[in-house]
Number of protein chains: 2
Amino acid sequence: MKIKTLKQADNNFYQSLQNALSFDEEDNSQIQQTVKDIVQIVKVNGDQSLLEFTKKFDKVDLTDPSDLELPSSILKEAYDSLDTTTQNALNESAQRIKNYHEKQVQDSWSYKEEDGTVLGQKITALDSVGLYVPGGKASYPSSVLMNAIPAKVAGVKNLVMVVPTPNGERNALVLAAAYVANVDRVFTIGGAQAVAALAYGTNTIPQVDKIVGPGNAYVAEAKRVVFGTVGIDMIAGPSEILVITDGKTDPDWLAMDLFSQAEHDELAQAILISSDPSVFEKVILSINKLIDTMPRKEIISTSLQNRGLFIQVDNLHEAAEVSNYISPEHLELSVQDPESLLRNINHAGAIFMGINTCESVGDYCAGPNHVLPTSRTARFSSPLGVYDFQKRSSIINLSARGATRLGKIASVMAEGEGLFAHARSADYRVKADE
Amino acid sequence: MKIKTLKQADNNFYQSLQNALSFDEEDNSQIQQTVKDIVQIVKVNGDQSLLEFTKKFDKVDLTDPSDLELPSSILKEAYDSLDTTTQNALNESAQRIKNYHEKQVQDSWSYKEEDGTVLGQKITALDSVGLYVPGGKASYPSSVLMNAIPAKVAGVKNLVMVVPTPNGERNALVLAAAYVANVDRVFTIGGAQAVAALAYGTNTIPQVDKIVGPGNAYVAEAKRVVFGTVGIDMIAGPSEILVITDGKTDPDWLAMDLFSQAEHDELAQAILISSDPSVFEKVILSINKLIDTMPRKEIISTSLQNRGLFIQVDNLHEAAEVSNYISPEHLELSVQDPESLLRNINHAGAIFMGINTCESVGDYCAGPNHVLPTSRTARFSSPLGVYDFQKRSSIINLSARGATRLGKIASVMAEGEGLFAHARSADYRVKADE
């Protein structure tokens with residue numbers, strides 16, 4: 001296996017790095033047109049079109065729209081069908097995710113000024129949220145937990161999951177996860193039609209305020225189309241990991257951590273930074289030794305050869321600098337003193353501290369969310385959290401004295417902007433005797 | 001003046017309301033193509049294209065890209081040129097906005113579990129932010145304060161403002177506001193070319209992580225195009241006010257509050273809800289009496305006649321229900337007991353409590369932000385705030401015991417999802433003796 005290597009000391013390092021990080025986005029004008037059509041049809045024809053698209057795309061032929069809903073008894077049956085080890089793993093993961101996300105709940109606040117004026121923010125949960133879950137092979141129960149639990153912790157009352165069942169196949173783990181996460185209703189629809197149904201509502205599918213969850217290119221495009229009518233979460237790019245090592249971690253561990261990212265898909269990107277160039281040779285040996293034991297060997301090899309990257313730096317301070325440029329989705333500080341390195345890290349989706357903390361524990365059960373900003377967007381965005389399911393309303397309550405004092409200021413500013421109704425509206429509240 | 005009136009008790013009320021709220025979005029395929037071209041040109045040709053577009057669109061002919069920057073001395077001169085009343089209004093507004101937004105700062109947090117595992121979030125400011133400020137008549141100093149101050153309170157180090165100067169005209173109030181708000185650098189560029197320059201950077205214009213601020217259709221489209229490369233704030237629709245009255249507020253005040261919204265532009269929407277139908281007659285009398293005193297009479301009349309709305313309800317409880325459906329940008333509770341009404345309000349950008357609190361004081365100097373979610377998006381989004389200029393990184397630091405316990409769970413979950421490198425990576429951290 002050969003992996004592209006860059007040296008931070010080289011000329012044009014950041015230009016080379018930028019090239020290595022970039023990937024060709026597919027031309028999706030065909031997808032755009034298809035999605036636009038599907039969304040429009042669902043908006044107009046509602047349930048009938050859902051039955052038709054579900055027959056066409058998922059090969060599931062239903063006559064009554066109410067058959068699109070899975071009763072909650074089916075979710076419980078799916079859970080009951082699992083062995084105890086799996087049930088316990090789901091439950092413990094769910095409990096830990098809940099514990100962590102409860103720390104993110106934000107409460108309304110206000111303060112009173114000397115003249116009696118009260119200012120603050122009223123913070124409330126979204127009323128209703130749609131959760132998209134892919135069908136088939138990319139169907140992950142962990143993703144159900146990671147999206148549903150923060151919404152429920154925020155206080156979302158109506159959490160509606162959609163999951164296609166291609167050829168009628170249901171994923172018991174996904175349904176069990178929905179059961180564990182207290183999803184309120186589940187519909188077996190998918191694709192752009194499911195996103196449209198959640199955004200506009202049909203007789204059967206309730207309209208929601210925000211749609212979250214991963215999906216293929218059609219689902220992503222549909223989310224873009226309905227954005228504005230409803231809120232959406234981020235639209236994720238390929239997944240990435242950046243591992244910084246001081247050379248003291250077992251190279252097998254480093255190789256496997258890179259594999260765990262690369263096995264997601266061919267475009268996934270695994271990057272290793274080290275100040276010790278001998279690490280790269282050792283990791284290549286481990287890769288060559290371990291690759292044949294991997295069921296997803298083909299995907300891993302393609303990902304590492306096309307998108308994998310070794311970066312040699314002079315010291316850990318430089319490693320942090322390079323990491324900040326990359327702003328990785330997942331950052332493993334596989335070093336003896338992660339605390340000291342952390343101080344120089346400014347941008348990353350999730351930071352895994354020390355050699356004992358691997359990404360995959362974070363993916364499932366450590367507690368923090370695994371929905372993270374990709375493609376350098378950690379420079380300006382955050383992991384999915386309870387804050388994504390709460391919103392704020394400003395509260396302004398002026399006392400008579402406050403209205404007089406502030407009315408005068410507003411009036412000056414409004415006249416400066418040529419907005420005289422604004423000025424007059426403020427003037428009305430100004431009392432001569434205050 | 002005649003204003004469309006709906007009764008909540010009527011059949012199909014919500015359908016009629018939905019129709020009254022909707023507006024025709026212009027077909028902007030022409031704008032889309034123009035913007036796409038401009039963004040591409042700036043991305044490739046950088047500074048040279050900025051000089052050319054600035055000459056073409058703003059009729060300002062500069063030869064050296066460095067001339068696009070306004071030195072900070074110019075900002076101070078603009079401030080010094082204002083009369084003391086205006087300086088004081090700007091300063092007091094800025095101070096109040098700062099005080100309020102300081103309550104929104106979020107700090108990193110973490111907690112330690114029994115086995116020594118540490119979980120948390122590191123919260124940091126964005127490195128650099130671009131602030132778009134329109135030139136010409138829609139150029140508002142209050143908007144500079146409302147966008148710049150939260151960014152500075154968050155700790156953004158590089159706050160870069162762009163403002164076009166059509167025909168070389170500079171707006172002293174806008175530059176003075178930039179001075180008061182401690183904007184770091186100001187460039188006299190505008191339109192899609194300014195957005196592209198901030199998103200991709202040129203030799204002269206620094207690349208930023210997020211772009212905020214209002215703009216025309218070209219600016220809005222350019223923000224859509226660069227979204228993903230950088231963060232953006234919301235893309236606002238026409239502004240709205242909803243006033244709920246119990247019939248005890250002076251009808252002149254109600255009329256002027258509706259005017260203050262309507263004077264923004266013809267598509268702005270002013271809505272009055274009352275349980276007392278006689279209010280509507282009284283407000284119409286006030287409107288007819290006051291309209292001729294308004295410099296923006298034409299805009300106000302067009303807005304009220306095309307988009308204005310009176311809604312009659314049976315009681316304040318129903319008023320809250322209707323308000324929650326509308327999820328207005330601005331909500332005035334012009335009633336004697338606003339506290340009790342507030343309990344039923346779930347969705348609104350900003351809530352103005354009681355007859356003394358008019359929207360225009362909130363627009364300028366009460367403290368809360370005037371950048372608010374429009375077009376029913378308050379169902380899922382929030383006022384601009386410090387939280388828009390901070391982002392979070394999850395922190396996961398497993399103890400050896402934590403890695404063993406959680407590694408086992410992750411391994412079960414990963415195998416359930418068919419991700420064996422994930423499972424193995426977790427397995428490596430499981431110690432037999434823990």
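Observations on the structure shown:
- Residue identified as among the charged types (D, E, K, R) and at positive phi among A:K55, A:K43, A:K59, A:K36: A:K59
- Within the set A:N288, A:N324, the sole residue that is polar (S, T, N, Q) and either within 17 Å of A:E263 (Cα to Cα) or assigned by TED's automatic domain parsing to the domain that holds A:R96 (or both) turns out to be A:N288.
- Among residues of region B:288-309 that are within 13 Å of chain A (Cβ to nearest Cβ) and without any contact (Cβ under 8 Å) to a residue 24 or more places away in the chain, those with a Cβ under 7 angstrom from a residue that is in a helix (DSSP H, G or I) and among the aromatic types (F, W, Y), sequence gap 6+ or separate chain, pair up as B:P295/A:F420.
- Among the criteria (1) more than 8 Å from chain B (Cβ to nearest Cβ); (2) within 26 Å of B:G228 (Cβ to Cβ); (3) not in a helix (DSSP H, G or I), the one A:D314 does not fulfil is (2).
- Wholly enclosed strands (runs of 3 or more DSSP E) of region B:330-434 bearing at least 3 residues more than 7 Å from every other protein chain (Cβ to nearest Cβ): B:330-334
- Flag if B:T85 is in contact with a His (Cβ under 8 Å, 6 or more places away or on another chain) and at pLDDT 95 or above: no
- For region A:211-228, the criterion of a residue being surrounded by fewer than 21 Cβ atoms within 10 Å (Cβ to Cβ), without any contact (Cβ under 8 Å) to a residue 60 or more places away in the chain, within 14 Å of chain B (Cβ to nearest Cβ) and not in a helix (DSSP H, G or I) is satisfied by at least one position.
- Residues that are more than 9 Å from chain B (Cβ to nearest Cβ) and in contact with a helix residue (DSSP H, G or I) (Cβ under 6 Å, 6 or more places away or on another chain), drawn from region A:102-123: A:E102, A:V105, A:D115
- Taking region B:41-100 as the range and being acidic (D, E), closer than 13 Å to B:T204 by Cα and out of contact with any Pro (no Cβ under 9 Å at 6 or more places or on another chain) as the test, the residues that pass are B:D64, B:D67, B:E69.
- There is at least one residue in region B:242-252 that is farther than 25 Å from A:G231 by Cα, assigned to a helix (DSSP H, G or I) and in the same structural domain as B:T374 (by TED's automatic domain parsing).
- Count of region A:42-71 residues which are outside any loop (DSSP other than H, G, I, E, B) and without any contact (Cβ under 8 Å) to a residue 24 or more places away in the chain: 8
- Residues being touching a Gly at 6+ places or on another chain (Cβ under 9 Å) and closer than 12 Å to A:M161 by Cα - total across region A:188-205: 7
- Filter pass, A:V39 being closer than 18 Å to A:R170 by Cα, surrounded by 14 or more Cβ atoms within 10 Å (Cβ to Cβ) and touching a helix residue (DSSP H, G or I) at 6+ places or on another chain (Cβ under 6 Å): no
- Of the residues in region B:28-38, at least one is within 30 Å of B:P150 (Cβ to Cβ) and modelled with pLDDT of 95 or more.
- The criterion of being closer than 29 Å to A:A217 by Cβ and of a type in the set (S, T, N, Q) holds for A:N167.
- Filter pass, A:K248 being of a type in the set (D, E, K, R) and farther than 25 Å from A:K59 by Cβ: yes
- Top-ranked residue in region B:238-266 [being among the hydroxyl-bearing types (S, T, Y) and closer than 19 Å to B:V322 by Cα; ranked as nearest to the other protein chains (Cβ to nearest Cβ)]: B:S239
- Condition broken by B:H264, with the remaining ones in (1) buried (at least 19 other Cβ atoms within 10 Å of the Cβ); (2) without any contact (Cβ under 8 Å) to a residue 40 or more places away in the chain; (3) not in a loop (DSSP other than H, G, I, E, B); (4) not acidic (D, E) satisfied: (3)
- Residue in region B:84-107 that is out of contact with any Phe, Trp or Tyr (no Cβ under 7 Å at 6 or more places or on another chain), of a type in the set (K, R), under 30 Å from A:P368 (Cα atoms) and not in a helix (DSSP H, G or I) present: no
- Selected residue (criterion: nearest to the other protein chains (Cβ to nearest Cβ)) from residues of region A:124-151 that are within 12 Å of the chain's Cα centre (by Cα) and without any contact (Cβ under 8 Å) to a residue 40 or more places away in the chain: A:V144
- Out of B:V160, B:V186, one residue alone is under 20 Å from B:D61 (Cβ atoms), assigned to a strand (DSSP E or B), β-branched (V, I, T) and more than 10 Å from chain A (Cβ to nearest Cβ). It is B:V186.
The values are calculated or read from the model by the stated rules, or taken from the named source; none is laboratory data. From a predicted model like this one, the values you see are computed outputs, not experimental measurements. Every residue, glycine as well, gets a Cβ built from its backbone with ideal geometry; the counts of neighbours run over all protein chains shown.
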